[in-house]
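*Asks:* Okay, handing you the structure first.
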Amino acid sequence: MANRVVITGMGIWSCIGTTLDEVRDALYQGKSGIIFSQERKDAGFRSALVGNVPKVDLKPYVPRNLRNFMPEEAQYGYIATKQALDNAGIDEDYLSTHEVGIIYGNDSVAEATMSSLDKFRQANSTVACGSGAIFQSMNSNITMNLACLFKLRGINLTAAAACASGSQSIGLAALLIAQGLQDCVVCGGAEENNMYGIASFDGIQAFSIRENEPEKASRPFDASRDGLVPSGGGATVILESYEHAVKRGANIIAEIVGWGFSGNGDHISTPNVEGPARSLEFCLRNGGVDPKQIGYINAHATSTVIGDQREAQAIAQIFGERTVPVTSTKSQTGHEMWMAGASEIIYSILMMKNDFIAGNINFEKPDDVTSCINVLPETKEQHFDMFLSNSFGFGGTNSTIIVKNV
């Protein structure tokens, strides 16, 4: 990369915590954020498991007329971004006098769209949709709301790349900064956590049905895994060029040293090994990183049979069998979908800064394929200075990011 790209702020709103300290402690303790939802079961869900994400109260921060433009995912994105800007020491005066951009991951607006169209059909009048409906129902609702609320005047773009959306947003922002096109970019991902956004997902039997023990339902790489658990929330990181961060006296948290990406060019929902392996290889090559330098891999692994196997094979192909420590934080959080690629960067940074690797909870034994990698079942005190994070999505979209300590 031409310019060094650093992380100077982080913010998180998830089922395992709504502050960085809460999330750090939850990761260390192996706390699960998964619950059983009677509402979903009553509504006809095959699986009523979900991440327990707290609702956001924006009344202290956003006027009512502006909240009318913000669906659930934009609210998560707002609160995570407010935290991240505060963490980075960037205030309103700074934003009003500098060009700061935003690239944010999102790939659904089911509830807001459904709600406005239901009102239209029931009233037989488009007026019933309401004045905020158009802004709530667009896929770019997060970036348009946050750009206006925080007065962001740089790049304004939504990354819609399925479950790689949050990761792709960070990669794209890093690329712009590396090329000198932006000095500072707000990036991350958010996911609506209502039942409507993932009802069709439940319909294809993708979710775990281990409803009698919610906290044990998400079990990436484990031989007895039976599907993923949906979750949501918001995660934001502030990226800057190294020179820009130093000039304003920012606290530099970590550095982005590589971004890799690929497309499987294959089945729309079933992953292969070749695509993820190319993403890993490209990321290492792009960052000039030897695989031996990676001290930890935060796997995409969602707790599906095929997905976990293919990723394990890709990791083993690039890193060799049973070497680098691997865990999936989705064992605690469930699958945060469009947010996951961003939140998992934050989770991994919190581990790196506090000298531990959060255990892949519920991992009891691997199957014949996932046995090829070194999955840590329990939290381990361990220092590492560089990690790699994978994010893969429907349509065969893959994104890999390498981050190092500073």
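The values are calculated or read from the model by the stated rules, or taken from the named source; none is laboratory data. Remember, it's a predicted structure, so these values are computed and weren't measured experimentally. Note that each Cβ is placed from the backbone with ideal geometry, even for glycine, and that neighbours are counted across all protein chains shown.
*Asks:* Sort through Ile297, Ile256, Ile268 and tell me the only one that's buried (at least 16 other Cβ atoms within 10 Å of the Cβ), at pLDDT 95 or above, farther than 19 Å from Ile361 by Cα and of a type in the set (Val, Ile, Thr).
*Replies:* Ile256
*Asks:* Across the stretch 346-391, what is the total count of residues that are surrounded by fewer than 17 Cβ atoms within 10 Å (Cβ to Cβ) and farther than 20 Å from Arg310 by Cα?
*Replies:* Total satisfying the criteria: 9.
*Asks:* When both residues are 6+ apart or on different chains and their Cβ atoms are under 6 Å apart, which pairs have a first residue that lies in the stretch 208-225 and is at positive phi, and a second that is part of a loop (DSSP other than H, G, I, E, B) and of a type in the set (Gly, Ala, Ser)?
*Replies:* Listed by first residue and then by second, the contacts come to Phe221/Ala301.
*Asks:* Another question, if that's okay. Name the one entry in Gly130, Gly171, Gly180, Gly154 that is on the phi > 0 side of the Ramachandran plot and out of contact with any helix residue (DSSP H, G or I) (no Cβ under 8 Å at 6 or more places or on another chain).
*Replies:* The conditions single out Gly180.
*Asks:* Against the condition hydroxyl-bearing (Ser, Thr, Tyr), free of Cβ contacts under 8 Å to residues at least 60 places away in the same chain, touching a Leu at 6+ places or on another chain (Cβ under 8 Å) and within 28 Å of Glu240 (Cα to Cα), how does Thr143 come out, does it pass?
*Replies:* Yes, satisfied.
*Asks:* Would the stretch 141-158 turn up any residue that is of a type in the set (Gly, Ala, Ser), touching a strand residue (DSSP E or B) at 6+ places or on another chain (Cβ under 9 Å) and either at pLDDT below 95 or part of a loop (DSSP other than H, G, I, E, B) (or both)?
*Replies:* Looking through the stretch 141-158, at least one residue is of a type in the set (Gly, Ala, Ser), touching a strand residue (DSSP E or B) at 6+ places or on another chain (Cβ under 9 Å) and either at pLDDT below 95 or part of a loop (DSSP other than H, G, I, E, B) (or both).
*Asks:* Which numbered condition trips up Ile134, out of (1) in a helix (DSSP H, G or I); (2) surrounded by 18 or more Cβ atoms within 10 Å (Cβ to Cβ)?
*Replies:* That leaves (2) as the condition not met.
*Asks:* Take the residues of the stretch 42-86 that are free of Cβ contacts under 8 Å to residues at least 24 places away in the same chain and farther than 27 Å from Glu344 by Cα: which is surrounded by the fewest Cβ atoms within 10 Å (Cβ to Cβ)?
*Replies:* Step by step, filter the stretch 42-86, then rank; the result is Pro60.
*Asks:* Also: Determine which single condition Met352 fails, assuming it passes every other condition in (1) in contact with a helix residue (DSSP H, G or I) (Cβ under 7 Å, 6 or more places away or on another chain); (2) of a type in the set (A, V, I, L, M); (3) not in a loop (DSSP other than H, G, I, E, B).
*Replies:* (1)
*Asks:* Name every residue in the stretch 272-289 that is out of contact with any Ser or Thr (no Cβ under 7 Å at 6 or more places or on another chain) and under 21 Å from Arg4 (Cα atoms), in order of residue number.
*Replies:* Within the stretch 272-289, Glu281, Leu284, Arg285, Asn286, Gly287, Gly288, Val289 meet the criteria.
*Asks:* Continuing with this model, one more query. Looking only at strands (runs of 3 or more DSSP E) that fall completely inside the stretch 1-111, which ones have 1 or more residues that are at pLDDT below 95?
*Replies:* Strands (runs of 3 or more DSSP E) meeting the threshold: none at all.
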